[in-house]
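These notes concern the structure reproduced below.
The values are calculated or read from the model by the stated rules, or taken from the named source; none is laboratory data. This one's a predicted model, so the numbers in the text were calculated from it and none came from an experiment. Heads up, the Cβs are rebuilt from the backbone with ideal geometry, glycines too, and the neighbour counts pull from every protein chain shown.
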Amino acid sequence: MTRSRLRSDLGQTLPIYIWLTGILLFVAFAFFAFAQAASARNGAQTAADAAALAAAQDSRDELVEGLSLSIGEGGDWLVWLAGDKYTGAGAQGAADALAGENDSTVTGFVSTDVNGFPGYRVKIRTNYTVGDSIIPGTETKHANAEATAIIKPRCDVDPSADPEKAVEFDCVGDESFEIDPDDFQSGDLPDASVLFSVHLAD
């Protein structure tokens, strides 16, 4: 009698064990699928951030070069400090290059303005897919992301400053320097990061 009951209990337990094992395996595979998707999204966002920053940095370099070339060539060189006189000719190329380095492609690129500061909004799509998983369609699904980077002037001058004479620049971080248009060399400007900051928009 006891042996028969034991055999009966084992017969009832085995299906439950198989059922629980199946559930655990499904949960494990589902967790792995979500981890794959999260990894793809993170990679896409990294690529978008890098592409937007590259575009803004390219235009920042253009601003600094334009400022350097305009000093001593007339009285309007100080307007370059506003940070909006660039053409942006190389910005999209810079974004494309950084997206490519992150195995992604730029799918959208526009100039934008955030709280009065110029910049770029970039959309990308990963060249790679999420990968095979228990969720149908992930093997062909690409991750998408977008980011916006802005160029923000870091230096001010006295509104009454005469651009035909020596001008003192007061910059964020208590940095300051002076430019004399009559005695200016291209190497007299500080690093681009002193004149303009480039960062992702909030």
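Summary table below
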quantity: Tally of residues being under 18 Å from residue 60 (Cα atoms) and buried (at least 16 other Cβ atoms within 10 Å of the Cβ) across the stretch 177-189; calculated: 1
quantity: Pair list, Cβ under 8 Å, 6 or more apart: the stretch 66-86 residue without any contact (Cβ under 8 Å) to a residue 24 or more places away in the chain, other residue among the hydrophobic types (A, V, I, L, M, F, W, C); calculated: 66/80; 70/77; 70/80; 80/63; 80/67; 85/63; 85/79
quantity: Restricting the stretch 146-168 to residues that are hydrophobic (A, V, I, L, M, F, W, C) and in contact (Cβ under 8 Å) with a residue 40 or more places away in the chain, the residue that is nearest to residue 94 (Cα to Cα); calculated: 149
quantity: Residues (surrounded by 15 or more Cβ atoms within 10 Å (Cβ to Cβ) and of a type outside the set (Val, Ile, Thr)) located in the stretch 101-126; calculated: 102, 104, 109, 117, 118, 119, 120, 121, 123, 125
quantity: Only one of 33, 44 that is modelled with pLDDT under 80, surrounded by 15 or more Cβ atoms within 10 Å (Cβ to Cβ) and part of a helix (DSSP H, G or I); calculated: 33
quantity: Whichever residue in the stretch 66-90 is touching a Phe, Trp or Tyr at 6+ places or on another chain (Cβ under 6 Å) and in a helix (DSSP H, G or I) and, among such residues, is farthest from residue 193 (Cα to Cα); calculated: 70
quantity: Flag if residue 68 is at pLDDT below 90 and either under 15 Å from residue 149 (Cα atoms) or hydroxyl-bearing (Ser, Thr, Tyr) (or both); calculated: no
quantity: Lone qualifier among 170, 132, 174 - being at pLDDT 90 or above, among the acidic types (Asp, Glu) and surrounded by fewer than 16 Cβ atoms within 10 Å (Cβ to Cβ); calculated: 170
quantity: Close pairs (8 angstrom Cβ cut-off, 6 or more residues apart or separate chains): under 11 Å from residue 109 (Cα atoms) in the stretch 47-59, surrounded by fewer than 22 Cβ atoms within 10 Å (Cβ to Cβ) and acidic (Asp, Glu) anywhere; calculated: 48/146; 51/96
quantity: Only listed residue being over 25 Å from residue 76 (Cα atoms) and free of Cβ contacts under 8 Å to residues at least 24 places away in the same chain, chosen from 93, 187, 173; calculated: 173
quantity: All positions within the stretch 157-167 that are surrounded by 13 or more Cβ atoms within 10 Å (Cβ to Cβ) and closer than 20 Å to residue 84 by Cβ; calculated: 157, 161, 163, 167
quantity: Selection from the stretch 96-120 of residues that are in contact (Cβ under 8 Å) with a residue 12 or more places away in the chain and in a helix (DSSP H, G or I); calculated: 96, 97, 98, 99, 101
quantity: Given (1) at pLDDT below 90; (2) closer than 24 Å to residue 41 by Cα; (3) in a helix (DSSP H, G or I), number of the condition residue 51 does not satisfy; calculated: (1)
quantity: Some residue of the stretch 82-100 being among the small types (Gly, Ala, Ser) and closer than 18 Å to residue 188 by Cβ; calculated: no
quantity: Residues within the stretch 163-202 that are assigned to a loop (DSSP other than H, G, I, E, B), of a type outside the set (Val, Ile, Thr) and closer than 30 Å to residue 112 by Cα, tallied; calculated: 8
quantity: All positions within the stretch 47-74 that are surrounded by fewer than 22 Cβ atoms within 10 Å (Cβ to Cβ) and among the polar types (S, T, N, Q); calculated: 57, 68, 70
